[in-house]
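The values are calculated or read from the model by the stated rules, or taken from the named source; none is laboratory data. Keep in mind that what you see is a predicted model, and the values were worked out from it rather than measured. We place every Cβ from the backbone using ideal geometry, glycine too, and count neighbours over all the protein chains shown.
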Amino acid sequence: MPSQHPIYISVIGGDRDHTTSEGLELAEQVGRLIAEAGCILVNGGMGGTMERAAKGAKSAGGTTIGLLSTTNRNAANPYIDYAIPTPLGYVRNVLVANASDVVIALPGKWGTTNELSFAMIAGIPVVAVEGWDANLRDDQGKSRLHEVSYAQNADEAVTMAVALARRRRD
């Protein structure tokens, strides 16, 4: 039986201190494409990649959910529709990774690595873009992790993510 819910896609990546201007542009493109595909964007609801992905989704009329690392709902960035406060700090990363049908990993640092790991442990499909591509391949360019798909750009990442989510739901 098909799901009655839209596809949920978690976008993970660096916060304000752990991303680049290119990473932020990529996040915004990914967010916009997620909304255009009719999917729900989920992330940590704060700044950096999280804010720009949510901004992109909102620019296309999408819905955003932020699973916050604080109990202060007002700490969410202005593009989050549903801010869910938690008292969990970085432990909330397990929620971000597991709240969706698929995860898109953008460049980040340790928190992003943590979310990536939680997704793979749970069997949630992961699409890695840019920075993670290099980190997750061996010297011959082969994937070190069979749980990860690799995309070259935002369009490819969202197309792959939607296809993986649909396959997972079947």
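Worth pointing out:
Let's see how each residue does on (1) closer than 18 Å to GLY14 by Cα; (2) of a type in the set (Gly, Ala, Ser):
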| residue | (1), (2) |
| --- | --- |
| CYS39 | no, no |
| GLY48 | yes, yes |
| ALA60 | no, yes |
| THR63 | no, no |
| THR71 | no, no |
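- Selection within region 36-66 - surrounded by fewer than 23 Cβ atoms within 10 Å (Cβ to Cβ), within 16 Å of ALA165 (Cβ to Cβ) and of a type in the set (A, V, I, L, M): ALA37, ILE40, ILE65
- The criterion of at least 1 residues that are farther than 19 Å from ARG32 by Cα, at pLDDT 90 or above and among the aliphatic types (A, V, I, L, M) is met by the following helices (runs of 4 or more DSSP H) wholly inside region 106-170: 110-122.
- The lone criterion from (1) surrounded by fewer than 24 Cβ atoms within 10 Å (Cβ to Cβ); (2) over 28 Å from ARG169 (Cβ atoms); (3) in contact (Cβ under 8 Å) with a residue 24 or more places away in the chain; (4) not charged (D, E, K, R) left unmet by THR19 is number (1).
- Within region 20-45, the set of residues being in contact with a helix residue (DSSP H, G or I) (Cβ under 7 Å, 6 or more places away or on another chain) and not in a helix (DSSP H, G or I) comprises ALA37, CYS39, LEU41, VAL42, ASN43, GLY44.
- Subset of region 100-117 [touching a residue at least 24 places away in the same chain (Cβ under 8 Å), under 26 Å from ASP155 (Cβ atoms) and surrounded by fewer than 19 Cβ atoms within 10 Å (Cβ to Cβ)]: LYS109
- When the residues of region 67-90 are filtered to those that are of a type in the set (A, V, I, L, M, F, W, C) and in a loop (DSSP other than H, G, I, E, B), the one that is nearest to LYS55 (Cα to Cα) is ILE80.
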